[in-house]
Amino acid sequence: MPTPDSQSAISKRVFLKWPAKLWGVYRARDAVENEEWAAAIDEAGERLDLGTEARSRAVDLFLSNVPEDDRSKEAVLATSVYVAALTTGEQRSQSAVADATGVSRLTIQQRWKTVLESAGLDAPKW
């Protein structure tokens, strides 16, 4: 059983990895208007065996970056799932996420750094 100190260390670690900037960036109306996309994120998360934190983060990322054009929403959905998995320590390959979401790996490869940076995190410079 974890001690209170270890629990707070875990909480601090998660908080430090995920800045508060993201919370509240989207409107409640966005969440209502994009319920079907949130459900699609949950389905992809299930196919990828992602935990609830990663799924929730993917929805937050999607709603914070939701494009007007429905055609672009698939790409943002896939990229949000990839970045959420990456930032929660449940890393999945771009190919696995692409297969689970029905987009190309190249779509994720081209967009993931932008979504990561939109959440206030620095993308690696490799």
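Among (1) more than 8 Å from the chain's Cα centre (by Cα); (2) part of a helix (DSSP H, G or I); (3) surrounded by fewer than 23 Cβ atoms within 10 Å (Cβ to Cβ), where does residue 56 come up short?
That leaves (1) as the condition not met.
Results for (1) of a type outside the set (A, V, I, L, M, F, W, C); (2) exposed (fewer than 14 other Cβ atoms within 10 Å of the Cβ); (3) over 23 Å from residue 34 (Cα atoms); (4) in contact (Cβ under 8 Å) with a residue 12 or more places away in the chain, shown as yes or no for each residue.
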| position | (1), (2), (3), (4) |
| --- | --- |
| 79 | yes, no, no, yes |
| 83 | no, no, no, yes |
| 87 | yes, no, no, yes |
| 90 | yes, no, yes, yes |
| 95 | yes, yes, yes, no |
| 106 | no, yes, yes, no |
| 111 | yes, no, no, yes |
| 118 | yes, no, no, yes |
| 122 | yes, yes, yes, no |
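Those residues that are over 18 Å from residue 43 (Cβ atoms) and part of a helix (DSSP H, G or I), I need them from the range 75-94; list them, please.
Matches in the range 75-94: 86, 87, 94.
The numbers here are math on the coordinates, done by the rules we state, and not lab data. Just so we're clear, the structure is a prediction, and the values are computed from it rather than from any experiment. Neighbour counts are summed over all protein chains in view; Cβ atoms, including those assigned to glycine, are modelled from backbone coordinates with ideal geometry.
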